[in-house]
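Notes follow the structure.
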Amino acid sequence: MNHYPLKIFFFILSGLSILSGCDETYDLPPSVYSGIDLSYSNSLKTTSPVISVYGIGVTGADGKDSLLYDSISTKEISLPFSINDNSAFVLTIDSITDTLTIYHTNTLTEESIESGFYYKYEITSVNFTTNRIDSVAIQDSTVTSVWNENLEIYINDNN
């Protein structure tokens with residue numbers, strides 16, 4: 001009795017089983033952005049400010065500093081951090097420009113074997129100009145892949 005066709009059948013079946021078990025997907029590491037709420041110092045004003053944000057040292061696809069938000073009306077933004085010890089931004093709030101520098105420490109964290117590593121940040125301090133920004137409060141200094149409010153920017157509504 002010739003077992004050759006039976007061996008070929010089991011060889012093909014084994015090969016297909018092995019190939020179907022391989023997973024060719026790559027999971028990207030999680031994105032880590034700081035959550036920032038915007039509110040006016042005068043709690044009576046309830047409209048959303050019109051904001052543009054330009055990242056200093058935050059490069060876009062063209063390798064140049066990036067425009068992160070362009071004249072949007074919002075009370076909430078998310079900003080990426082640099083792997084350096086500070087991240088700087090130019091904010092234009094209701095047509096008045098301020099700078100915001102967030103100082104932080106970085107911790108390289110492993111997500112999984114599939115997605116690799118990503119940075120977690122710990123905000124240590126914040127500097128800003130006061131053309132339109134009244135004050136900045138650190139609400140939660142830990143910036144991770146889970147979105148939460150890290151900073152509250154209070155806008156001077158007397159301008």
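The values are calculated or read from the model by the stated rules, or taken from the named source; none is laboratory data. Predicted, not measured: the structure shown is a model, and the values here were computed from it. Here the Cβ is made from the backbone with ideal geometry for all residues, glycine too, and neighbour counts use every protein chain on show.
General remarks:
- Pair list, Cβ under 6 Å, 6 or more apart: the stretch 147-159 residue more than 22 Å from S34 (Cα to Cα), other residue of a type outside the set (G, A, S) and modelled with pLDDT under 85: D157/N42; D157/K45
- Taken together, the residues in the stretch 100-129 that are of a type outside the set (A, V, I, L, M, F, W, C), in contact (Cβ under 8 Å) with a residue 40 or more places away in the chain and either in contact with a helix residue (DSSP H, G or I) (Cβ under 7 Å, 6 or more places away or on another chain) or within 23 Å of N158 (Cβ to Cβ) (or both) amount to 0.
- Test: residue in the stretch 67-89 that is aromatic (F, W, Y), within 22 Å of N150 (Cβ to Cβ) and modelled with pLDDT of 90 or more: yes
- Residue pairs whose Cβ atoms lie under 6 Å apart, sitting 6 or more positions apart in sequence or on different chains, and linking a residue in the stretch 130-141 that is under 17 Å from I51 (Cβ atoms) to a partner that is surrounded by 14 or more Cβ atoms within 10 Å (Cβ to Cβ) and among the acidic types (D, E), are N131/D98; R132/D98; I133/D98.
- Residue match in the stretch 92-115 (condition: at pLDDT below 90, touching a strand residue (DSSP E or B) at 6+ places or on another chain (Cβ under 9 Å) and small (G, A, S)): no
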